[in-house]
1. Scanning for something in a helix (DSSP H, G or I), in contact (Cβ under 8 Å) with a residue 12 or more places away in the chain and closer than 26 Å to Gly160 by Cβ, does region 74-85 turn up at least one residue?
2. Looking at Leu269, Leu276, which is the one that is crowded, with 19+ Cβ neighbours inside 10 Å, within 20 Å of Arg203 (Cα to Cα) and either modelled with pLDDT under 95 or not polar (S, T, N, Q) (or both)?
3. Which of (1) under 27 Å from Val328 (Cβ atoms); (2) surrounded by fewer than 16 Cβ atoms within 10 Å (Cβ to Cβ); (3) modelled with pLDDT of 95 or more does Leu90 not meet, given it meets every other one?
4. I'd like to know if region 209-232 contains one or more residues that are basic (Lys, Arg) and modelled with pLDDT of 95 or more.
5. I'd like the residue in region 318-342 that is assigned to a loop (DSSP other than H, G, I, E, B) and within 19 Å of the chain's Cα centre (by Cα) and, out of all such residues, is surrounded by the most Cβ atoms within 10 Å (Cβ to Cβ).
6. Filter region 70-83 down to the residues that are within 15 Å of Cys53 (Cα to Cα) and buried (at least 20 other Cβ atoms within 10 Å of the Cβ), then identify the one that is modelled with the lowest pLDDT.
7. Output the qualifying pairs, or none if there are none: Cβ atoms under 9 angstrom, residues six or more apart or on different chains, first residue in region 174-194 and without any contact (Cβ under 8 Å) to a residue 40 or more places away in the chain, second residue in a loop (DSSP other than H, G, I, E, B) and among the basic types (Lys, Arg).
8. Out of region 124-143, which residues are closer than 18 Å to Phe52 by Cβ and either buried (at least 20 other Cβ atoms within 10 Å of the Cβ) or free of Cβ contacts under 8 Å to residues at least 12 places away in the same chain (or both)?
Amino acid sequence: MCAAILTAATAATVKSAEPLPRSDGRQGKSSYLYKNEKKNPYRVVVHGLAYFCQKLPASLKSDKWDVLDRSNHSAVQLPGIVHDLSRCDLAYTWGGRISMGKFLWAARLLRKKKLVMLWSGSDVLLAKEELAAGICEPWIAEKVHWAVSPWVTEEVRSLGLACEHVQTYMIQPVRDPKHLPQQFSVLLYVGDARRAELYGWDRMLEVARKLPHVAFNLCGLPAGQKLEGPSNITMYPWTPDLSRLIEQTTVYYRPVRHDGLSFTVLEALSMGRHVLYSYPLTGCIQTTSVEMACKELEKLEADHESGNLALNQAGMRYIADFYAPEIVRSDLFRRWEEIILS
């Protein structure tokens with residue numbers, strides 16, 4: 001695979017070194033073609049977690065920016081990825097690492113200096129294992145490192161890397177959120193039964209058993225997977241859109257043992273739902289034990305029964321102030337341009 005990368009990178013380097021055509025058709029330099037004259041858009045190649053990378057070209061559509069999703073890892077796509085890398089102003093990876101992968105090998109062989117690595121959560125766990133084994137690529141360490149949350153930022157710094165928390169998630173604020181449902185219920189999420197412990201499934205089970213009168217709804221499991229739980233936990237099949245389930249819930253409980261920043265937490269906040277989360281986040285109630293979770297759920301249920309439980313206004317304001325697409329785009333473009341021009 002490295003040989004294929006080297007061959008493609010060499011060809012791309014030679015091709016990119018050829019003189020660009022002038023606006024009058026002759027060979028040679030022409031200011032008409034150069035980005036510092038702002039005649040052409042900045043080109044950014046994104047790679048990494050496909051779920052997020054695939055959304056970026058549409059989310060970041062702009063006359064000044066050409067964002068290309070190259071999250072496909074197939075060998076057939078490799079020459080195209082290398083070609084785009086050779087012509088880009090910035091490489092942006094959604095997912096961090098301290099060892100070389102195919103995309104990073106290509107970027108290094110093409111001598112790309114402008115590369116931003118966004119750490120998102122579980123990637124830190126793998127990096128910690130690699131660091132313990134003595135693996136840490138200096139070429140990666142000298143690049144720009146961002147993280148999706150303050151706690152991931154600190155974890156990346158513990159690897160010996162300079163890292164900054166940069167807000168990159170885009171959540172459209174809900175203008176007219178639906179009222180909280182008449183029945184008090186709690187939404188749970190497990191994205192993979194094989195990693196149930198990481199999601200805190202054992203904690204969910206214990207809370208549900210301690211509150212047998214409360215309705216819990218579990219979502220997220222892929223087709224073919226299942227978990228066993230008490231009768232007050234209803235299992236829902238996997239769906240790419242959780243908005244309807246969130247609308248039908250009062251509280252979202254996410255007792256994860258490790259997380260980057262849950263997109264579902266942000267969605268729940270945008271809809272005015274109450275959230276119990278393992279991490280400190282504006283608009284959420286931080287709970288780090290089963291006892292704390294039970295106590296907070298009982299409080300929320302009591303307010304619900306008395307008619308005093310309103311929409312989570314603090315959570316909705318937080319999303320509108322920091323996660324609205326136009327705010328995130330503006331900040332991201334500003335940061336990218338600073339890096340490109342540095």
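1. First pass over region 74-85, keeping only residues in a helix (DSSP H, G or I): 75-85.
Cutting the leftovers down to in contact (Cβ under 8 Å) with a residue 12 or more places away in the chain gives us 75, 78-79, 81-85.
Those still in the list that are closer than 26 Å to Gly160 by Cβ too: none.
No: region 74-85 contains no residue that is in a helix (DSSP H, G or I), in contact (Cβ under 8 Å) with a residue 12 or more places away in the chain and closer than 26 Å to Gly160 by Cβ.
2. Numbers: Leu269 fails: within 20 Å of Arg203 (Cα to Cα).
That would be Leu276, the only listed residue that is crowded, with 19+ Cβ neighbours inside 10 Å, within 20 Å of Arg203 (Cα to Cα) and either modelled with pLDDT under 95 or not polar (S, T, N, Q) (or both).
3. Leu90 satisfies all of (1) under 27 Å from Val328 (Cβ atoms); (2) surrounded by fewer than 16 Cβ atoms within 10 Å (Cβ to Cβ); (3) modelled with pLDDT of 95 or more except (2).
4. Residues of region 209-232 basic (Lys, Arg): 209-210, 226.
Of the ones still in play, those that are also modelled with pLDDT of 95 or more are 209-210.
Yes, the conditions are met somewhere in region 209-232.
5. Our first condition is that a residue be assigned to a loop (DSSP other than H, G, I, E, B); within region 318-342, this holds for 323-324, 342.
Checking the rest, the ones that are also within 19 Å of the chain's Cα centre (by Cα) come to 323-324.
Working: Tyr323: 19, Ala324: 16.
If we take residues in region 318-342 being assigned to a loop (DSSP other than H, G, I, E, B) and within 19 Å of the chain's Cα centre (by Cα), then Tyr323 is surrounded by the most Cβ atoms within 10 Å (Cβ to Cβ).
6. Taking region 70-83 as the starting set, the residues that turn out to be within 15 Å of Cys53 (Cα to Cα) are 70-73, 81.
Applying the additional criterion that residues be buried (at least 20 other Cβ atoms within 10 Å of the Cβ) yields 70-71, 81.
Numbers: Arg70: 93, Ser71: 91, Ile81: 85.
Out of the qualifying residues, it is Ile81.
7. Taking only residues 6 or more apart or on different chains, the pairs are Ala193/Lys226.
8. Val124
The values are calculated or read from the model by the stated rules, or taken from the named source; none is laboratory data. For clarity, every value in this text was computed on a predicted model and none was experimentally measured. As a convention, Cβ positions derive from the backbone with ideal geometry for all residues, glycine included, and neighbour counts pool all protein chains shown.
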